[in-house]
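The block underneath contains the structure these notes are about, expressed in structure tokens.
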Amino acid sequence: MSLSANEAARVKQTSPAASPAGIIGLGAMGTPMARNMLKAGIAVVVYDRDASRMAALQSAGAECADSSAEVARRCTRTFCVVETAAQVEEVMFGAAGIAAGAAAGHHVACVSTIDRKIIRALAERAAPRGITFFDAAVSGSTEGAIAGTLAIFVGAQDTVAPMLGDCFAAIGKHVFYMGAAGRGIEIKLLCNMLAQVNTIAVAEALVMAKKAGLELETVIEAVKVSSGNSAAFEMRAPRMLRRDFTPGGTNDISFKDQELETAFAKELGVPVFMASVTQQIYQIARSMGLGKEDGSSVIKVYERFDDPI
């Protein structure tokens, strides 16, 4: 089941507006998500190991906690926006994790892209405590998080909408309820696979255009109105041209995600040639010290064989 922005706004009217939302993990996605919730009038309690990140949001109106457990004590709904499965498990079940502070009825939406089997295991572990844990994977990259236009893939029934609908409406444009824990991650992996493979093709095309002596600004404008256009092209090509490799979705994250994508495909018995081959380009980029740069920096791999664009 999917909800448009207008439908999500209607759900917002039935959401517990008086209840603050917790956000744990204030990186490239968590920080803009928190800001958009604040702009929507939702009280937000935040926690991150980096105190400077919390301070920046405190100046925008957020309240700060000293642990994940403290966030859970002060909220009934929490977003977990960390990077790895180990971090998610620590946030949930560490000594100062959500489970240590949450009362029965607490809802945890995990935004992290991790193995769907781990999502299901954590959901099963949380259930006896009265905690509803599920994936709420998002697509749209950092730009979408800043604009509040993310697509949200919820690994739960739409029965969680009354608890989280106002938050979803603040951070996203479309919400898809996939029915069961881990299902949101599955569609997110498909989206990521398409975008990551496409990003490599964008890099190859721009290097070819430069080698052919074409004017790159014109190439980009032409592709945008042609059959070669895509969301990945519109996002990555301008970044490549202006040499803006400020991290959004990093090469490290892309490599990690492609590990999940190819493992998912192997379980299904589906050959995925493009995901497997392009993962090696991201690995080369990582070996060049580009792991923490934006995925658009993969163009530097191809520039090793020619002058920079």
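With a 10 Å cut-off between alpha carbons and a GNM built on the chain, which of A212, A147, A237 moves the most? Judging by the Gaussian network model, the answer is A212.
Give the dimensionless ratio obtained when the Cα radius of gyration of segment 15-92 is divided by 2.2 N^0.38 Å. If you can, show how the numbers build up before the last one.
Numbers: Rg = 11.3 Å, N = 78, 2.2 N^0.38 = 11.5 Å.
For segment 15-92, the normalised Cα radius of gyration is 0.98.
Listed by chain and number, the aspartates and glutamates whose C-alpha is less than 16 Å from the C-alpha of K292, apart from same-chain residues fewer than 8 away, are E83, D244, D252, D257.
Per residue, what accessible area does the chain have, given a 1.4 Å probe and all protein chains present, in Å²?
Numbers: 13450 Å² over 309 residues.
On a per-residue basis, the chain sits at 44 Å².
Listed by chain and number, the lysines whose C-alpha is less than 24 Å from the C-alpha of K224, apart from same-chain residues fewer than 8 away, are K173, K210, K211, K300. Computed extension length for E90-L190: 33.3 nm, one decimal, from 0.36 nm per residue of separation with the Cα-Cα distance subtracted. Volume of the convex hull of segment 71-125 (Cα atoms only), normalised per residue: 71 Å³. With contacts taken as Cα pairs under 8 Å and at least 6 residues apart, the chain reaches a relative contact order of 16 percent.
Two tests apply to each whole DSSP H helix in the chain, Cα reach of 30 Å or more along its axis and mean Kyte-Doolittle hydropathy of at least 0.5, and the ones passing both are 183-211. Shown here is the pair-distance distribution of the chain: with all Cα-Cα distances grouped in 10 Å bins from zero up to the longest one, the shares run 6, 27, 33, 22, 10, 2, 0 percent.
Dividing the alpha-carbon Rg of segment 217-309 by 2.2 N^0.38 Å yields what? All intermediate terms of the calculation are to be shown ahead of the outcome.
Values: Rg = 14.5 Å, N = 93, 2.2 N^0.38 = 12.3 Å.
Compactness ratio reported: 1.17.
Between the alpha-carbon centres of segment 222-246 and segment 45-112 there is a gap of 35 Å. Computed with a 1.4 Å probe over protein heavy atoms only, the accessible area of L241 comes to about 50 Å². Largest GNM mean-square fluctuation among V223, V202, V298, using the chain with Cα springs under 10 Å: V223.
The values are calculated or read from the model by the stated rules, or taken from the named source; none is laboratory data. Note that the structure is a prediction, hence the values are computed from the model and not measured. Side chains are part of the model used for accessible areas, which takes the heavy atoms of the whole protein and leaves out ligands, DNA and RNA. Shrake-Rupley method; radii C 1.70, N 1.55, O 1.52, S 1.80 Å.
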